[in-house]
Amino acid sequence: MTGFGVGRGRAGGEEFTAELKAVNHKYVEVKVRLPRELQALEPELQRQVKAACTRGAVELTLRRAAVTATGNVPSVDAAMARAWRAALAEVAAVTGLEDGTTAADVAGRPGVVRMEEPTVDVPSATRAAEAAVSEALSGLLAMREREGLALAADLQGRLERVTQLVQQLQGLAPRAVEEYRDRLAARLAELTAGSSVDPSRLAQELALFAERTDVAEELTRLDSHLGQFRSLLGADEPSGRKLDFLLQEMNREVNTAGSKIQSAEASTFVVELKAELERIREQVQNVE
């Protein structure tokens, strides 16, 4: 299912912002985008997301807020500062001038103060990043839950239609045998030019036809699959893959039943059944 979430965490004077985006996918796939200095956190953040999402293509973006306007901080090269201090003192000594060197004088010399990216306290940054991702996951899951409720309502309505079609097929099966008996009797009468037809022979043919076209077993299994499907829709645990498997089994039973029932009316119901199951299958791809 689709979803979006944002979370924030702090470490010292820094702020970490996590954004999570999820779209439909048959399996769970997590892509992580991190600042270069935090690349080592990728495996742990992936595990954190996968623990909460069992299906979907999820993209996690983590940003580290700058502590200054430019994102850099001043860094002092102590060795260079001492070298400049000694050099300035030596200049004063060789020229006979008073050594009035100040810290500002030294700091202004080339190479003493440089602007660099701030260092990262990895343990603190890890805690802040995980807190940000956790908050983002809460928002993402809340959005997916709302979508899931709407999806469940749609699937329930489609299941009701499938149940109606299955019941209609169950009613058509006996009628198919009766219609075949009438057609067979009429054909035999035509072929025998009005002579009486052997009732035992007719009964035997009808028995063979009834056996070939019996769909009770397929429809019973189909009804069982529908019951399991409804139970999974109301379950708290992730069930998308199980629902996908049940739909494969339902399609198999419908195909078998459709090949057995030799009736134009039944074929119409079978076609509608398959179309409805395909619509359900498309929706199930969005289920966690």
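Looking at segment 245-271, which of the residues that are of a type in the set (Asp, Glu) and under 28 Å from the mean Cα position of the chain (by Cα) is surrounded by the fewest Cβ atoms within 10 Å (Cβ to Cβ)? Reasoning before the result, please.
In the first step, residues of segment 245-271 are kept if they are of a type in the set (Asp, Glu); the result is 249, 253, 265.
Now narrow it down to the ones that are under 28 Å from the mean Cα position of the chain (by Cα): 249, 253.
Numbers: GLU249: 15, GLU253: 21.
Taking the candidates together, the pick is GLU249.
Taking the conditions (1) part of a helix (DSSP H, G or I); (2) surrounded by 15 or more Cβ atoms within 10 Å (Cβ to Cβ) in turn, ASN286 satisfies each one other than (1). Counting only residues that are surrounded by 14 or more Cβ atoms within 10 Å (Cβ to Cβ) and either small (Gly, Ala, Ser) or in a helix (DSSP H, G or I) (or both), segment 231-244 holds 8 of them. A residue that is without any contact (Cβ under 8 Å) to a residue 12 or more places away in the chain and more than 17 Å from PRO238 (Cα to Cα) cannot be found anywhere in segment 1-15. Out of curiosity, is THR61 β-branched (Val, Ile, Thr) and either surrounded by 16 or more Cβ atoms within 10 Å (Cβ to Cβ) or over 21 Å from GLU135 (Cα atoms) (or both)? No.
A residue that is more than 19 Å from GLU135 (Cα to Cα) and free of Cβ contacts under 8 Å to residues at least 12 places away in the same chain cannot be found anywhere in segment 40-58. Taking segment 31-54 as the range and being of a type in the set (Asp, Glu) and modelled with pLDDT of 90 or more as the test, the residues that pass are GLU42, GLU44.
The values are calculated or read from the model by the stated rules, or taken from the named source; none is laboratory data. The shown structure was predicted, so the numbers you read here are calculated from the model rather than taken from an experiment. Every residue, glycine among them, receives a Cβ derived from its backbone with ideal geometry; neighbour counts consider all protein chains shown.
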